Each structure stands twice: as structure tokens, then as C-alpha cells.
Amino acid sequence: MTATEEVRRLLDERGVEYKTDDTSDSWYERTTWRSENNLWWTYEVDAIEELPYGTLTLLDTGSNNSMRPAQAITATLGPGECHLEINTSMTAVVCDRCNYPMPSGTVLTEVHFCPNCGARVVEE
Ligand SMILES: [Zn+2]
């Protein structure tokens with residue numbers, strides 16, 4: 001999954017509408033959305049190199065930061081919620097949002113926020 005596909009999957013997951021602009025400039029894929037505080041953000045990914053990160057830009061100021069898709073979503077929309085679950089190879093308990101494995105020995109009932117993505121852990 002490319003960084004563009006990942007950021008759009010995360011936006012879909014949260015029900016956030018976004019605009020895409022992949023055609024006007026074939027070197028970059030752009031995804032643009034609005035956060036709750038009415039700021040517009042665009043996430044631009046190099047379409048050629050398939051890097052695991054892109055550039056998040058606040059359109060009003062033009063300030064930008066290189067970050068991974070999940071970080072861009074957290075930075076603009078807040079950390080959201082996650083569940084802790086056994087991974088597919090049954091070797092670890094992971095965050096279902098970012099796949100971060102909880103260190104062995106972790107007392108799961110005491111984990112209230114994912115140590116990696118910062119999402120609030122909720123029970124089913
Ligand atoms: Zn996480």
C-alpha cells in the first residue's frame with residue numbers, strides 16, 4: 001500500500017471527505033482535507049519513488065512537515081481510537097490502528113493510549 005493509499009484509507013475509516021489531485025502533476029499524488037478547526041491540509045506523496053511518507057502542508061501558511069500517513073492523520077484530526085488485538089501470526093498483541101506490538105509483559109488493561117500512534121484504547 002502506498003502512502004497515498006494509506007492516508008486515504010485512514011480518512012475513509014474516519015468518514016472524512018477529501019479531494020484528490022493525481023493527474024495535473026504526475027510526479028506527485030495529493031490528498032486534501034479539512035480538519036474540525038476549519039483548516040485545510042494537503043498530503044503530497046512522491047508518485048515515483050513510493051516512499052512510506054509524504055509531506056503534510058497547512059495550506060494557509062504553507063508550513064510543511066514530512067511524515068507517515070498515520071502521523072499526518074493524527075496531527076490534523078487527533079489520535080482517534082484503537083483496539084488491542086492479537087496479530088495474524090498470533091505472536092503479539094498489536095494496536096489495530098498502527099500495528100504497533102505491545103512489549104511483552106505489558107499489562108493490557110493498563111494501556112490507555114497506544115505508545116506509538118497515541119490513539120485512545122477502547123474495548124469492543
Ligand atoms: Zn497505535
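Among 35, 67, 56, pick out the residue whose Cα is farthest towards the positive end of the charge dipole of segment 3-77, where Lys and Arg carry +1 and Asp and Glu carry -1 on C-beta, about the Cα centre.
The residue sitting most towards the positive pole is 35.
Starting at 0 and stepping by 5 Å, how many percent of the alpha carbon pairs of segment 79-124 end up in each bin?
5, 26, 37, 23, 7, 1
Can you show me the helix-derived [θ] at 222 nm for the chain, built from DSSP H runs with n ≥ 4 at -39,500 (n - 2.57) apiece and divided by the number of residues, rounded to the nearest 500.
So the helix-based figure for the chain works out to -5000 deg cm²/dmol.
In degrees between 0 and 90, to the nearest 10, how far off the longest principal axis of the chain does helix 3-14 point, with axes built from Cα atoms?
The two axes meet at around 70 degrees.
Amide H of residue 113 versus every other amide H placed in the peptide plane: which residues, excluding those fewer than 5 positions away on the same chain, fall under 5 Å?
Close amide H contacts, sequence-distant or interchain: 121.
With +1 assigned to the C-beta of every Lys and Arg and -1 to the C-beta of every Asp and Glu, and no other charges, what is the dipole magnitude of the chain about the Cα centre in debye, to the nearest 20?
That gives the chain a dipole magnitude of about 280 debye.
Percent of Cα-Cα pairs more than 26 Å apart in the chain, please.
Within the chain, distances greater than 26 Å cover 27 percent of Cα pairs.
Only the coordinates and a few stated rules stand behind these numbers; no lab work does. Computed from a predicted model, the values in this text were never measured in an experiment. All Cβ positions, even for glycine, are placed from backbone atoms using ideal geometry, and neighbour counts span all protein chains on display.
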